Amino acid sequence: MSRTLAFLFPGQGAQSVGMGKVLAEHFPVAAAVFAEADEILGMKLSTLCFAGPEDELRLTVNAQPAILAVSIAALRVLEQEVGIAPTYVAGHSLGEYAALVAAGALTFADALRVTRERGRLMQEAVPVGTGAMAALFGLSVEEVHQVCAEVAQGEVVAPANLNGGGQVVIAGHADAVRRAITAAKARGAKRAVELAVSAPFHCSLMAPAADGLARVLASVPVYPLRVGVIANVTAALNSDHLQVKDLLVRQVTAPVRWEESMQRLHALGCQAAVEIGPGRVLTGLLKRIVPELPCVPFGDTVTLAEVRELVV
């Protein structure tokens, strides 16, 4: 008897040169996804994934559709080779688009176009150097809120990713984020480090990107959901396709409630999870948030046997 299964999809930062190459070489269904992506975007996204250069792949406008393409290529391989379907899906920030493709709400083609525009809008929302993000380790969410309030001085700084396992990412104006790093260390944070990102995601400075995304999504069809999606904004199960666009727009400026999302999966009776796409960040986070919920990553290397063993 198969287990109640969740598919998890990573977000920006999971990219690395070479991602998806093994999948495309071993499985025609994965190669077809990359060929479709190249055609839809009118660029060699596949080459960027497989061979870089890294500085181009890291650009938000490229990283977002690239991670989506690798995630969907891996998903198609799992569907074909293992024949599994999830009961629930969730994605971290950008990963929510791959989750929506897996749930049948968005076509791959539409999700690619939207994530390309989302990346462009998020990059352009704040001039380079104006904003920053930092990861704080060892403080509670409440303590991070207090740190941000103490150091804001009229600027924006707020929790952006509530990742769990004692990790909270903050975002906002660069000076305010750096003040928060100092204050967090003084408060006893185990570690507080500025992240190498090009924009302050998931905070109010992204409002122009949210407005632009709403216009982009206006003409995109959203289809009924085959499975429920745990939404970043609410950390609740969404089964209503009419709510999808609003949730995606709000996601741009709202914190990613990942810890609560994983706790929600557990509360719903989820028995196993597969992280689909590049990297294994979500597998590590889930191990810290809900240690009893097993998870394996699939995407960078071909580990179909591990997936089969987990889900049966």
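The values are calculated or read from the model by the stated rules, or taken from the named source; none is laboratory data. Because the structure is predicted, anything quoted here is derived from the model rather than measured. Glycine gets a Cβ as well: all are built from the backbone with ideal geometry, and neighbour counts include every protein chain shown.
Find the residue count for segment 61-94, including only residues that are outside any loop (DSSP other than H, G, I, E, B) and in contact with a helix residue (DSSP H, G or I) (Cβ under 7 Å, 6 or more places away or on another chain). Don't jump to the end; show me each part of the working.
Start the filter on segment 61-94 by keeping residues that are outside any loop (DSSP other than H, G, I, E, B), which leaves 61-81, 88-91.
Okay, now just the ones that are also in contact with a helix residue (DSSP H, G or I) (Cβ under 7 Å, 6 or more places away or on another chain), so 61-66, 68-78, 80-81, 88-91.
Of the residues in that region, 23 qualify.
Checking the conditions here, which among Ala176, Ala199, Ala207 is under 30 Å from Gly299 (Cβ atoms) and among the hydrophobic types (A, V, I, L, M, F, W, C)? Give the steps one after another, and end with the answer.
Working: Ala176 fails: under 30 Å from Gly299 (Cβ atoms); Ala207 fails: under 30 Å from Gly299 (Cβ atoms).
Being under 30 Å from Gly299 (Cβ atoms) and among the hydrophobic types (A, V, I, L, M, F, W, C) holds for just one of Ala176, Ala199, Ala207, which is Ala199.
Quickly run through segment 253-285 and pick out the residues that are closer than 30 Å to Glu124 by Cα and either assigned to a loop (DSSP other than H, G, I, E, B) or basic (Lys, Arg) (or both).
Hits for segment 253-285 are Thr253, Ala254, Pro255, Arg257, Gly277, Pro278, Gly279, Arg280.
From the list Arg250, Arg288, which one is more than 17 Å from the chain's Cα centre (by Cα) and either assigned to a helix (DSSP H, G or I) or hydroxyl-bearing (Ser, Thr, Tyr) (or both)? Quick ask: steps written out before the conclusion?
Details: Arg250 fails: more than 17 Å from the chain's Cα centre (by Cα).
Selected residue: Arg288, the only one of Arg250, Arg288 that is more than 17 Å from the chain's Cα centre (by Cα) and either assigned to a helix (DSSP H, G or I) or hydroxyl-bearing (Ser, Thr, Tyr) (or both).
Only one of Val256, Val312, Val290 is farther than 22 Å from Gln12 by Cβ and touching a His at 6+ places or on another chain (Cβ under 8 Å). Can you tell me which? I'd like the intermediate steps shown before the answer.
Numbers: Val256 fails: farther than 22 Å from Gln12 by Cβ; Val312 fails: touching a His at 6+ places or on another chain (Cβ under 8 Å).
Of Val256, Val312, Val290, the one residue that is farther than 22 Å from Gln12 by Cβ and touching a His at 6+ places or on another chain (Cβ under 8 Å) is Val290.
Please go through (1) without any contact (Cβ under 8 Å) to a residue 40 or more places away in the chain; (2) crowded, with 19+ Cβ neighbours inside 10 Å; (3) of a type in the set (Val, Ile, Thr); (4) more than 30 Å from Ala6 (Cβ to Cβ) for Val177 and return the number of the only condition it doesn't satisfy.
(1)
In segment 5-43, which residues are under 15 Å from the mean Cα position of the chain (by Cα) and of a type in the set (Phe, Trp, Tyr)?
Selection gives Phe7, Phe9.
So which of Ala105, Ala66, Ala99 ends up being assigned by TED's automatic domain parsing to the domain that holds Arg250, closer than 20 Å to Arg257 by Cα and of a type in the set (Gly, Ala, Ser)?
Values: Ala105 fails: closer than 20 Å to Arg257 by Cα; Ala66 fails: closer than 20 Å to Arg257 by Cα.
Only one candidate qualifies: Ala99.
Evaluate the following for Ser219: is it among the hydroxyl-bearing types (Ser, Thr, Tyr) and under 17 Å from the mean Cα position of the chain (by Cα)? Talk me through it step by step, then tell me what you get.
Values: among the hydroxyl-bearing types (Ser, Thr, Tyr): yes; under 17 Å from the mean Cα position of the chain (by Cα): no.
No.
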